[in-house]
Amino acid sequence: MSEIENNLSIVRNEIAAACQRASRDVNSVNLIAVSKTFPDEAVREAFHAGQILFGESKIQEAEPKIFNLPGNLQWHFIGRVQRNKVRKLIQLFDVIHAIDSLRLATYTNEIAKELGIFPKIFLQVNIGEENSKGGYDPNTLRLEMEDLLKLPQLEILGLMCIPPLGPDAEAARTWFIALRQLQESLEIEFNVRIPALSMGMSGDFEVAIEEGATHVRVGSAIFGNRSYRVDGELG
């Protein structure tokens with residue numbers, strides 16, 4: 001068994017254990033293997049171990065991987081979305097994780113209409129209201145939610161967050177609870193289903209699952225430590 005295959009097995013067992021603690025079906029959690037900065041060979045190794053969902057944060061790195069690797073892989077974009085990259089992003093990736101404003105969502109909707117496609121997106125929430133991070137503050141999201149729901153080309157899967165850095169995984173629990181409560185309140189207020197929560201990374205994904213995560217973004221626990229930090233706050 002290779003190191004990546006072994007790591008995947010460990011992560012899957014930890015996901016199963018967290019689901020058991022939370023009385024959840026293990027199939028309700030989607031594991032996104034964050035492959036940014038790692039070569040095609042590492043992704044292929046994970047694929048051979050049964051991994052299908054992969055996360056990337058830079059188009060120039062992801063595009064050759066997407067074309068070189070098996071076509072049945074699913075690709076999630078987890079980096080900061082730039083307007084000038086939207087056209088290519090929504091054609092390359094199955095899911096976009098970080099739409100963080102009505103302006104960006106409206107532009108994405110326009111491009112998607114032009115292309116005749118229906119992108120799946122997460123709305124990024126700056127749950128800790130940190131100046132160093134992007135994303136909606138919860139109050140602004142409430143104010144703009146009605147307009148977001150009127151964008152016909154976009155399929156809003158759910159909410160996404162990166163909690164403030166804490167001393168340990170348990171410190172993130174408060175922020176994961178806050179995102180789940182925001183999800184629940186938006187569903188009631190706007191009479192809409194917001195089914196997914198993208199939260200939890202290598203250091204805290206078990207806590208995130210216990211608090212309702214449907215998508216966890218795990219990189220180093222699968223592929224090993226990166227030689228340098230790239231978009232480190234996203235996965």
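The values are calculated or read from the model by the stated rules, or taken from the named source; none is laboratory data. These figures come from a predicted structure and were not determined experimentally. For neighbour counting, all protein chains shown are included, and Cβ atoms are generated from backbone atoms with ideal geometry for every residue, glycine included.
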Flag if residue 212 is surrounded by 15 or more Cβ atoms within 10 Å (Cβ to Cβ) and modelled with pLDDT under 95
no
For segment 67-87, which positions are closer than 19 Å to residue 30 by Cβ and surrounded by 16 or more Cβ atoms within 10 Å (Cβ to Cβ)?
69, 73, 75, 76, 77, 78, 79
For segment 23-74, which residues satisfy the criterion of being over 20 Å from residue 202 (Cα atoms), β-branched (Val, Ile, Thr) and within 17 Å of the chain's Cα centre (by Cα)?
59
Criterion (among the aliphatic types (A, V, I, L, M) and in a helix (DSSP H, G or I)) met by exactly one of 177, 194, 162, 156
177
Within segment 186-204, can you find the residues that are in contact (Cβ under 8 Å) with a residue 12 or more places away in the chain and under 19 Å from residue 145 (Cβ atoms)?
186, 189, 190, 192, 194, 195, 196, 197, 198, 199
Qualifying residue in segment 207-215 (condition: part of a helix (DSSP H, G or I) and over 24 Å from residue 120 (Cβ atoms))
yes
Is it the case, given these coordinates, that residue 23 is among the hydroxyl-bearing types (Ser, Thr, Tyr) and in a helix (DSSP H, G or I)?
no
Flag if residue 4 is surrounded by 13 or more Cβ atoms within 10 Å (Cβ to Cβ), part of a strand (DSSP E or B) and at pLDDT 95 or above:
no
Is there any pair with a first residue in segment 100-128 that is without any contact (Cβ under 8 Å) to a residue 60 or more places away in the chain and a second that is of a type in the set (Lys, Arg) and surrounded by fewer than 16 Cβ atoms within 10 Å (Cβ to Cβ) whose Cβ atoms are under 6 Å apart and which are 6 or more apart or on different chains, and what are they?
107/83; 111/87
Just to verify a result, which residue in segment 33-57, among those that are out of contact with any strand residue (DSSP E or B) (no Cβ under 9 Å at 6 or more places or on another chain) and not in a helix (DSSP H, G or I), is farthest from residue 107 (Cα to Cα)?
49
Which of (1) part of a helix (DSSP H, G or I); (2) out of contact with any strand residue (DSSP E or B) (no Cβ under 7 Å at 6 or more places or on another chain); (3) buried (at least 16 other Cβ atoms within 10 Å of the Cβ) does residue 62 not meet, given it meets every other one?
(2)
Contact list please: Cβ distance under 7 Å, first residue in segment 174-185 and surrounded by 20 or more Cβ atoms within 10 Å (Cβ to Cβ) and at pLDDT 95 or above, second residue among the hydrophobic types (A, V, I, L, M, F, W, C) and in a helix (DSSP H, G or I), pairs at least six apart or on different chains.
176/207; 176/208
Name the residues in segment 4-50 that are polar (S, T, N, Q) and touching a residue at least 60 places away in the same chain (Cβ under 8 Å), would you?
7, 28, 30, 35, 37
Being surrounded by 19 or more Cβ atoms within 10 Å (Cβ to Cβ), among the charged types (D, E, K, R) and in contact with an Asp or Glu (Cβ under 6 Å, 6 or more places away or on another chain) is the requirement here; does residue 206 meet it?
yes
Please go through segment 88-103 and pick out each residue that is crowded, with 20+ Cβ neighbours inside 10 Å and modelled with pLDDT of 95 or more.
90, 93, 95, 96, 97, 99, 100
Which condition number in (1) in contact with a strand residue (DSSP E or B) (Cβ under 9 Å, 6 or more places away or on another chain); (2) in a helix (DSSP H, G or I); (3) over 30 Å from residue 3 (Cα atoms) is the one that residue 84 fails?
(1)
